[in-house]
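One structure is given below, encoded as structure tokens.
Values in this text are rule-based calculations from the coordinates and carry no lab data. Just so you know, these numbers come straight off a predicted model, no measurement behind them. Counting neighbours? That spans all protein chains shown, and the Cβs are built from the backbone with ideal geometry, glycine included.
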Amino acid sequence: MAKKSSGQKLATALLTSLPLFAVLGSTAALSGCGFQLRGYDTPMLFNVAKTAVIIEDNRTSFPLKLPLTRRLEALGVEVTDNMTSADVTNNNKNATAEPIAAISVNNIRFKRYELVGVLTEIRLVISADVSYQALQNGKIVTLTNPIQVERSYQYNEASVSTDDQQGDQVRDWLYDSLARRITDQYVAIALPRVAPTSANTPSQAGSASTAVIVPNAPNP
């Protein structure tokens, strides 16, 4: 059998590597457009301009306030944090007052689960009861939904450093993730409903009909 020339070897190597380059290229393209795929990381127009963020004033709840406020403001929400739930309710009962939406976060709590082995496996869970007041069909409606976010990590108690620094980082991640989940739900509730357009729902008079032709069965 004749030996392959250097040109043939190069062509074979290039053909072999093409699928790998295709996979890497598609992965890079998806990771680069992740924010665009979410579809709402830009300012938007909500039914109500102002939103009151109501969070309990304690050591467990307060760290959520900053990441939640930042995410809402990034979407164009005017956040006010000097109101209580009663203030929002009384304001919205006044027919002449500008309506105010509200996000109330209560009962934020952590749970820690440990699986002890060579390395300690730790699962940290943050939970909260979240209520939303939003304007729908001209009326203020209230929706309540519990949210839970969790993350696991490993902690070596036998290491030189006895501080659980990774645990502190995970707690920060959980607060940010909880803020993102709350923002996602608020967007789904507070954005104005869009009726189908004529472009998406063509009328019967202008719609084209489709003929389906079924072949005859062969004679036995």
Around LYS50, under 9 Å between beta carbons, what's the net of Lys plus Arg minus Asp minus Glu among the other residues? -2
Calculate the spin-label point distance for LEU66 paired with ASP87, positioning each point 7 Å from the Cα along the beta-carbon direction, and give it in nanometres. 2.2
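At a Förster distance of 30 Å, what's the computed FRET efficiency of TRP173 paired with GLN136, Cβ-Cβ distance as r, to 0.05?
Values: r = 33 Å, r/R0 = 1.09.
Computed FRET efficiency for TRP173 and GLN136: 0.40.
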